[in-house]
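Have a look at the structure below before the remarks.
The values are calculated or read from the model by the stated rules, or taken from the named source; none is laboratory data. None of the values given here were measured: they were computed from a predicted structure. Backbone-built Cβ (ideal geometry, glycine too); neighbour counts: all protein chains shown. Ligands, DNA and RNA are stripped out before the accessible areas are found, and what is left, the full protein with its side chains, is counted by its heavy atoms. Shrake-Rupley method; radii C 1.70, N 1.55, O 1.52, S 1.80 Å.
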Amino acid sequence: MRSSDAARARETRPPIGVLLREWRAVRRLSQMDLALEADLSTRHLSCIETGKSQASRETISRLANALGMPLRERNALLLAAGYVPRYSENTLVTPALERMRQAIELIIKHQEPYPAFVINRHFDVLMANDAAVRVNRLLMKGRESPHTNLLRQVFDPDDFRSVIVNWPEVAEKFIRHLHEELAAAPGNQTAQNLLNEVLRYPGVPARWRFRDVEVEPSPVLTLVFKSDEGELRFFETITTFSTPRDVTLDELRIECAFPADDHTAEVCARLARSGTA
């Protein structure tokens, strides 16, 4: 980003003090707590928050580390302080991420004959392997999903929600993930809008409007689907990039579904052999 672009971006973003106070509130940190974590004096942090003192890039990095900020939010903090963002954001089709894209394609290809797909932080499905397409066609009886967003697929009664046997458990898991995304990036208006949207679907409990920090989720959730081949049961693993230096990679998740019983494994293998759903 050019310096002129950074200047225009700063005009539309909250000042650094507002961002820091917002993040401290989400992380439940006092000024003293954050100052200690970032190895700063409380007075210096207070002056940064009130705009009386200019934070250096190195200071901003320490604050971002102490707050556990994602790369996108670190860039926003740098912009708010008057600096050019540090981390690039490339799409998966750009040459800069060619090797990473090849690695992703290799992972989801080797997941065959079981489903795998790639999603971003807003649960948009960016890529999927052939197994995911075959299983989806089986579950939906050949009907295409009206959504490319995983949350909308799970919450819309006219989409995959209609075939999820244990929908309350599955939906609550996704709501928890969305609340965690908002906690990790409190300024993420897209995620907030998405939360508001899915909460409006029928049958969604009012208590899901608030983040539940008291109840610990079960270690593994089995997703149970009804189909013409009987119930299909899967559990999932999530793969992320280690120490990414690009915003896109930082926000990508590769979700791989594994059969939770022999019947599900057999159906997936048979679909792969037939090449159709």
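Computed from point charges on the beta carbon alone (+1 for Lys and Arg, -1 for Asp and Glu), the dipole magnitude for the chain about its Cα centre is near 920 Debye.
Using the Cβ-Cβ distance between residue 143 and residue 180 with R0 = 35 Å, the FRET efficiency computed as 1/(1 + (r/R0)^6) comes to roughly 0.65.
The phi torsions of segment 108-115, fed into the Karplus equation with coefficients 6.51, -1.76 and 1.60 and a -60° offset, translate into couplings of 6, 5, 6, 6, 3, x, 9, x Hz, rounded to whole numbers, with Gly and Pro shown as x. The length gained on full extension between residue 124 and residue 269, counted as 0.36 nm times the residue separation minus their Cα-Cα distance, comes to 49.5 nm. Of 127, 100, 140, the order by accessible heavy-atom surface (1.4 Å probe, DNA, RNA and ligands excluded), from most exposed downward, is 100, 127, 140. Of the chymotrypsin sites (Phe, Trp or Tyr not before Pro) found in segment 159-237, those that fall in a DSSP loop while having at most 16 other beta-carbon atoms within 10 Å are 210.
Straightening the chain between residue 21 and residue 206 buys 63.8 nm, computed as 0.36 nm per residue apart minus the Cα-Cα spacing. Residue-wise HN-Hα couplings along segment 91-106, as the Karplus relation 6.51 cos²θ - 1.76 cosθ + 1.60 with θ = phi - 60° gives them from phi, are 7, 5, 8, 7, x, 4, 10, 4, 5, 5, 5, 4, 5, 5, 4, 5 Hz; Gly and Pro carry x.
In whole percent, how big is the carbon plus sulfur part of the accessible area of the chain, probe 1.4 Å, protein atoms only? Intermediate values should be presented prior to the final figure.
Working: 7450 of 14680 Å².
With neighbouring chains kept in place, the figure for the chain is 51 percent.
Subtracting the Cα-Cα distance of residue 260 and residue 243 from their residue separation scaled by 0.36 nm leaves 3.0 nm.
Taking trypsin sites (Lys or Arg not before Pro) across segment 129-200, the ones in a DSSP loop with at most 16 further Cβ atoms lying within 10 angstrom of their Cβ are 141, 143, 200.
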